[in-house]
Amino acid sequence: MSDRKHKNMTAEITFTVAECGEFHNMGEYHEGIRSLEEAAAIYRKIPQERMNGVPSVGIRIHTDGSAVEEDVQLDILAGSEINSGVLRMLPKGCSSAQVQRIINEVAVMFPEKEVTDI
């Protein structure tokens with residue numbers, strides 16, 4: 001899920017999982033996850049009774065040669081919704097086709113979640 005080419009630069013997509021998507025320091029937070037399957041497994045292991053916030057699965061897009069502070073990080077699954085509208089938030093040059101594939105995969109992995117276009 002990495003290796004997107006744009007102007008001879010490579011973007012790497014990794015995943016995040018947060019027990020509380022609004023405030024990552026409130027509960028479990030995992031980053032640098034290499035596969036969507038691993039992120040889904042981590043998300044499912046967080047006990048539901050502990051989730052006082054809105055749990056989330058996100059993506060982080062890092063372009064080789066750029067500072068980490070310039071990474072794009074967006075939640076694609078938050079609570080009961082999968083947000084396909086995040087595609088509109090991607091900066092020019094990000095791999096929206098690759099992110100769209102990821103959103104589609106999340107929808108298959110979490111059929112109980114509603115796909116929205118917020």
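All conditions but one from (1) open to solvent by 60 Å² or more (accessible area, probe 1.4 Å); (2) within 10 Å of the chain's Cα centre (by Cα); (3) farther than 20 Å from GLU19 by Cα apply to VAL99; the one that does not is (1).
Selection of region 16-40 for residues being surrounded by 13 or more Cβ atoms within 10 Å (Cβ to Cβ) and under 24 Å from SER96 (Cα atoms) yields THR16, VAL17, ALA18, GLY21, HIS30, GLU31, ILE33, ARG34, LEU36, GLU38, ALA39, ALA40. The strands (runs of 3 or more DSSP E) found wholly in region 8-118 and carrying at least 1 residues that are modelled with pLDDT under 90 occupy 9-18, 56-63, 72-78. Kindly check whether there is at least one residue in region 71-91 that is of a type in the set (Lys, Arg) and surrounded by 14 or more Cβ atoms within 10 Å (Cβ to Cβ). No; the residues of region 71-91 include none that is of a type in the set (Lys, Arg) and surrounded by 14 or more Cβ atoms within 10 Å (Cβ to Cβ).
The values are calculated or read from the model by the stated rules, or taken from the named source; none is laboratory data. Values in this document were obtained by computation on a predicted structure and should not be read as measured data. When we count neighbours, we look across all protein chains shown, and the Cβ atoms used for this are built from the backbone with ideal geometry, even at glycine. Quick note on the areas: whole protein, heavy atoms, side chains included, nothing else; ligands and nucleic acids left out. Shrake-Rupley method; radii C 1.70, N 1.55, O 1.52, S 1.80 Å.
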